[in-house]
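What follows is a set of notes on a single structure, which appears directly below.
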């Protein structure tokens, strides 16, 4: 969500340069996270006509999970 916050802050600062008025910046956490996740889930359906199935192979991999170790769990991302 930092990316959305940074973009909104930059836009507010630019608007202040133009008209001198301050702005309130709000970053909705749910909508921001949903936008990230929905892009991955749409997969090949974002083109018209669809170019493939839904989903994203890297995030759908059964190997993308925590692995048990002697002292807890370890998450590994290649």
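The values are calculated or read from the model by the stated rules, or taken from the named source; none is laboratory data. Predicted model, so just to flag it, every value in this text is computed and none were measured. Reconstructed Cβ throughout: ideal geometry from the backbone, glycine too, with neighbour counts over all protein chains shown.
Residues of segment 15-28 that are surrounded by 11 or more Cβ atoms within 10 Å (Cβ to Cβ) and either out of contact with any helix residue (DSSP H, G or I) (no Cβ under 9 Å at 6 or more places or on another chain) or on the phi > 0 side of the Ramachandran plot (or both): 15, 16.
The selection criterion, being surrounded by 12 or more Cβ atoms within 10 Å (Cβ to Cβ), in contact with a helix residue (DSSP H, G or I) (Cβ under 9 Å, 6 or more places away or on another chain), at pLDDT 85 or above and closer than 28 Å to residue 75 by Cα, does not hold for residue 56. For the chain, no helices (runs of 4 or more DSSP H) sit wholly inside it while including 3 or more residues that are touching a strand residue (DSSP E or B) at 6+ places or on another chain (Cβ under 6 Å). Listed by first and then second residue, the pairs with beta-carbon distance under 8 Å, at least 6 apart or on different chains, first residue in segment 1-23 and farther than 30 Å from residue 37 by Cβ, second assigned to a loop (DSSP other than H, G, I, E, B), are 16/22; 16/23.
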